[in-house]
Amino acid sequence: MIKKILVTGGAGYIGAHTVVELVSAGYEPVIIDNLSASDLTLVRGIEKITGRPVAFYQGDCRNRAFLEEVFSKEKFPAVMHFAALKSVGESVQKPLEYYDNNIGSLVALLDMMGKYRVTDFIFSSSCTVYGQPDAIPVTEETPFKKAESPYGATKQMCERILEDVSKNGLRVLSLRYFNPIGAHPSAQIGELPIGTPNNLVPFVTQTAAGVRPELVVFGNDYNTPDGSCIRDFIHVVDVARAHVDALQYLQQKKENRIYEVFNLGVGKGMSVLEIVNLFQQVTGVQLRYRIGNRRPGDVEKIYADPSRIMKELGWKPVYTIEQALLHAWQWQKKLSGLS
Ligand code: NAD
Ligand code: WQD
């Protein structure tokens, strides 16, 4: 059996953690990444964790000549597609870049898969596809609201494209991640935000490390028990593990046409202030923070109903949020030279 798997965006945060889990499960991941939002730090980290070199091609998923080079050299039965631009705020400023990159990459990849008869595809979708849902937890049947941002719209469109193309003989699983946080327990790989982080946990760890003067909690007047927003935080290694489960599930299926979606969250809502307090508890570090205004576009509360992925893929999280925060801190300390 061919053990090679193409991993686009494998030099990025979630892709790199997945590459490690693929290697542990006996697969041979082949990474392609244009390094537009990363560098080789995580690739080197992957090699330290696994103790072996990883195949890496630098190039853009929209570049068909580049894809052709990789597809003709390497033979793989499945593609995991992480490569995308992912900043919600930036997508509002630069919608065309987001539509071009996120849709263009998918279309070019699917085209090449057709040409080389590669049939299995695992897609990085997002809970943003739901917008502000009417009821929580959200199941996979919860209807999409109008996307709040061009980024969210690209994920909705990509899912639609995949559903359409699957009817012509593609086998697709879309995993809708909720809020991945944390880092590998070895502290060799983790999140590497460019510039000021948009996301909560890298902002928390950078503040704790003294890179940022203070964290601003965006609003404490929401209709939630402590007034701050509620999210479904999930350890990034659990997200990565789900991809191996998804691959094995897909590979044992016989059908030629598959389009299935799975929520990938732990199913428990935690508030922003709970995260701040838990971080202080597990690390013993006092965090400078203040309450600020609401951030435009934020959803008040959202968390997953993950029963489908648990039942169908047999996946369940193995890490706690305490561990995720501790691992994120260990990674930050390494980056900041504090450990
Ligand atoms: P990331 O930015 O760390 O990784 C993405 C990688 O893709 C980067 O290394 C970047 O250089 C590469 N890339 C971007 N465009 C490319 C292109 N055209 N060709 C080749 N490489 C390209 O992001 P991440 O957090 O690892 O996210 C991975 C995927 O998961 C993305 O599709 C993202 O939308 C999705 N997702 C992320 C989150 C999250 O909170 N991190 C949540 C839901 C969904
Ligand atoms: C979490 C909570 C903020 C920073 C985004 C995307 C989503 C998915 C995951 C890709 C919110 C609050 C944050 C800060 C704060 N990505 N916060 N101070 O917005 O839930 O989801 O990332 O698909 O699509 O929308 O994640 O980490 O930005 O915010 O108070 O400095 O933390 O207001 O309530 P979000 P986040």
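Observations
- Listed here are the helices (runs of 4 or more DSSP H) enclosed by the range 249-339 that have at least 3 residues being closer than 22 Å to N199 by Cβ: 272-283, 321-335.
- Of the residues making up the range 70-90, those that are within 27 Å of S149 (Cα to Cα) and acidic (D, E) number 1.
- Tallying residues that are farther than 19 Å from N263 by Cβ and β-branched (V, I, T) within the range 155-189 yields 3.
- Looking across the range 229-246, the residues that are touching an Asp or Glu at 6+ places or on another chain (Cβ under 8 Å) and more than 18 Å from M80 (Cβ to Cβ) come down to C229, I230.
- Flag if G314 is in contact with a Phe, Trp or Tyr (Cβ under 9 Å, 6 or more places away or on another chain), surrounded by fewer than 18 Cβ atoms within 10 Å (Cβ to Cβ), on the phi > 0 side of the Ramachandran plot and not hydroxyl-bearing (S, T, Y): yes
- Members of the range 50-72 found to be loosely packed, with under 15 Cβ neighbours inside 10 Å, of a type in the set (D, E, K, R) and within 16 Å of G10 (Cβ to Cβ), listed by number: R52
Each row is one residue, and each column tells you yes or no for (1) part of a helix (DSSP H, G or I); (2) in contact with a Lys or Arg (Cβ under 8 Å, 6 or more places away or on another chain).
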| residue | (1), (2) |
| --- | --- |
| V30 | no, yes |
| S38 | no, no |
| I46 | yes, no |
| S91 | yes, no |
| E97 | yes, no |
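- Candidates V88, V79, V107, V118: the one that is open to solvent by less than 80 Å² (accessible area, probe 1.4 Å) and at pLDDT below 95 is V88.
- Single residue of T207, T320 found to be touching a His at 6+ places or on another chain (Cβ under 9 Å) and more than 30 Å from L6 (Cβ to Cβ): T320
- Q156 within 15 Å of ligand 2 (Cβ to nearest atom), at pLDDT 95 or above and not basic (K, R): yes
The values are calculated or read from the model by the stated rules, or taken from the named source; none is laboratory data. In this text, all values refer to a predicted model and were calculated from it rather than measured experimentally. All Cβ positions, glycine included, derive from the backbone under ideal geometry; neighbour counts span all protein chains shown. All accessible areas refer to the heavy atoms of the entire protein, side chains included, with ligands and DNA or RNA removed. Shrake-Rupley method; radii C 1.70, N 1.55, O 1.52, S 1.80 Å.
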